[in-house]
Amino acid sequence: QLQLVESGGGLVQPGGSLRLSCAASGFTLDYYVIGWFRQAPGKEREGVSCISSSGGSTKYADSVKGRFTISRDNAKNTVYLQMNSLKPEDTAAYYCAASTSSWYTTLSGYEYRYWGQGTQVTVSS
């Protein structure tokens with residue numbers, strides 16, 4: 001069974017930090033572009049960041065540039081999203097997903113086949 005599992009979400013105050021993890025089982029993660037997406041109530045799904053199989057290419061949504069960093073440790077079969085300087089508008093359910101490609105980095109969720117169950121991030125004072 002191919003599975004992605006997110007972890008690391010929680011409640012944090014504005015200006016705080018969280019690190020999300022996306023762990024793969026049932027397949028080798030280093031063959032895939034991995035993306036992070038989020039969806040808040042009443043809003044459309046937003047592509048947050050993605051990373052190529054080698055880690056050599058990354059993309060970020062304008063809303064998170066300079067605050068979020070995506071990385072991967074293929075030896076651990078895990079992709080991370082470090083989130084700093086968090087804002088209330090970052091509150092959402094965050095999902096990781098694996099593309100069918102090893103090289104095509106895109107923030108369009110339609111290009112991703114395998115999805116995790118999501119982890120909730122809430123930024124509030």
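The values are calculated or read from the model by the stated rules, or taken from the named source; none is laboratory data. Because the structure is a prediction, the values reported are computed rather than measured. Cβ: placed from backbone, ideal geometry, glycine included. Neighbour counts: every protein chain shown. Note: areas computed on protein heavy atoms with side chains; ligands, DNA, RNA excluded. Shrake-Rupley method; radii C 1.70, N 1.55, O 1.52, S 1.80 Å.
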So if I take the centroid of the Cα atoms in the stretch 1-51 and the same for the stretch 101-121, what is the distance between those two points in Å? 8
Give, in whole angstrom and from largest to smallest, the semi-axes √(5λ) of the equivalent ellipsoid of the chain, with λ running over the eigenvalues of the Cα gyration tensor. 23, 14, 14
Please give the peptides 29-39, 45-55 ranked by average Cβ packing (other Cβ atoms within 10 Å per residue), highest first, as a rough proxy for protection. 29-39, 45-55
A 1.4 Å probe over the protein heavy atoms gives the stretch 15-58 a carbon and sulfur accessible-area percentage of 43
Under the √(5λ) rule applied to the eigenvalues of the Cα gyration tensor, what semi-axes describe the equivalent ellipsoid of the stretch 1-68? Give them in Å, descending. 22, 16, 13
Accessible area per residue in Å² at 1.4 Å probe, computed on the chain: 50
Positive dipole terminus of the chain, leading residue within PRO14, ALA93, THR105 (C-beta point charges): PRO14
